[in-house]
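The values are calculated or read from the model by the stated rules, or taken from the named source; none is laboratory data. What you are looking at is a predicted structure, and each value in this text was computed from that prediction instead of being measured. Note: ideal-geometry Cβ built from the backbone for every residue, glycine included; neighbour counts use all protein chains shown. To get the accessible areas, we keep the full protein, side chains included, count just its heavy atoms, and leave off ligands, DNA and RNA. Shrake-Rupley method; radii C 1.70, N 1.55, O 1.52, S 1.80 Å.
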Amino acid sequence: MYMKKAFLTLAVLCAVAMMAGCKSGTANETAGDTSFKGIVSVGDTVSQYRETADVYVDGEQTEYVFIFRSKECWERMLHDVENDSAALEGFYVAADDWGYYYYECGQKLEKMGVKYHKTSADKKIFCQGDIAFIPQDSCTSGVLIVKPGCQFEFVDLMDFLYGQEYSEQ
């Protein structure tokens with residue numbers, strides 16, 4: 001039982017690492033930022049996942065904030081199904097699918113050539129220092145579009161990826 005739980009926890013951490021760091025080192029990240037929450041090792045693979053932080057935008061131009069589920073969300077979801085093998089298998093399939101969608105979202109933002117930030121759903125997004133957008137819960141995932149004048153528009157991840165209004169420009 002101990003090994004199974006350790007393996008499951010490790011798998012969740014790897015999923016979080018994949019989602020949080022699928023595209024490390026973009027022009028939108030602060031140069032020299034080396035804050036890491038930890039290192040997860042699976043066999044010969046070592047993944048590092050970045051500790052996310054609150055995001056600050058200036059509100060002068062349109063900026064995008066890619067929000068992904070928090071580590072706590074993934075751990076809570078795993079805990080809810082850890083004793084049901086069928087549900088656990090479904091969890092891993094869903095986690096793999098979300099990893100793919102996160103990757104696709106990052107690729108779409110890159111192709112759009114827009115200024116964007118990445119953070120998890122347990123953080124706040126501040127515009128001009130005091131106006132904040134706070135995700136509804138730690139399992140929120142999507143893209144927050146911050147328009148000039150600090151106008152927030154949150155778009156669900158799937159709507160951003162596949163909705164007509166947000167097609168590649």
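Selection of first residues in the range 56-81 that are more than 18 Å from CYS105 (Cα to Cα) and of second residues that are assigned to a strand (DSSP E or B) and open to solvent by 20 Å² or more (accessible area, probe 1.4 Å), restricted to Cβ pairs under 6 Å at least 6 apart or on distinct chains, gives the following pairs, ordered by first then second residue: TYR56/PHE126. Looking only at residues of the range 82-96 that are of a type in the set (Asp, Glu) and not in a helix (DSSP H, G or I), we find that the one that is nearest to the chain's Cα centre (by Cα) is GLU82. Among the residues of the range 136-169, those identified as open to solvent by 70 Å² or more (accessible area, probe 1.4 Å), out of contact with any helix residue (DSSP H, G or I) (no Cβ under 6 Å at 6 or more places or on another chain) and either closer than 15 Å to TRP98 by Cα or among the charged types (D, E, K, R) (or both) are ASP137, LYS147, ASP159, TYR162, GLU165.
Among the residues of the range 114-160, write down those that are touching a residue at least 40 places away in the same chain (Cβ under 8 Å) and over 23 Å from LYS71 (Cβ atoms). Matches in the range 114-160: VAL114, LYS115, CYS127, GLN128, GLY129, ILE131, ILE145, VAL146, LYS147, PRO148, GLY149, CYS150. Checked against (1) over 30 Å from PRO148 (Cβ atoms); (2) in a strand (DSSP E or B), TYR64 passes all but condition (1).
Across the range 58-85, the number of residues qualifying as within 20 Å of MET112 (Cα to Cα), in contact with a strand residue (DSSP E or B) (Cβ under 8 Å, 6 or more places away or on another chain) and at pLDDT 90 or above comes to 7.
Taking the range 97-135 as the region of interest, how many residues are part of a helix (DSSP H, G or I) and either open to solvent by 30 Å² or more (accessible area, probe 1.4 Å) or in contact with a helix residue (DSSP H, G or I) (Cβ under 7 Å, 6 or more places away or on another chain) (or both)? Can you show your working first?
Our first condition is that a residue be part of a helix (DSSP H, G or I); within the range 97-135, this holds for 97-112.
Narrowing further to those that are either open to solvent by 30 Å² or more (accessible area, probe 1.4 Å) or in contact with a helix residue (DSSP H, G or I) (Cβ under 7 Å, 6 or more places away or on another chain) (or both): 97-105, 107-108, 110-111.
Residues that pass the stated criteria total 13.
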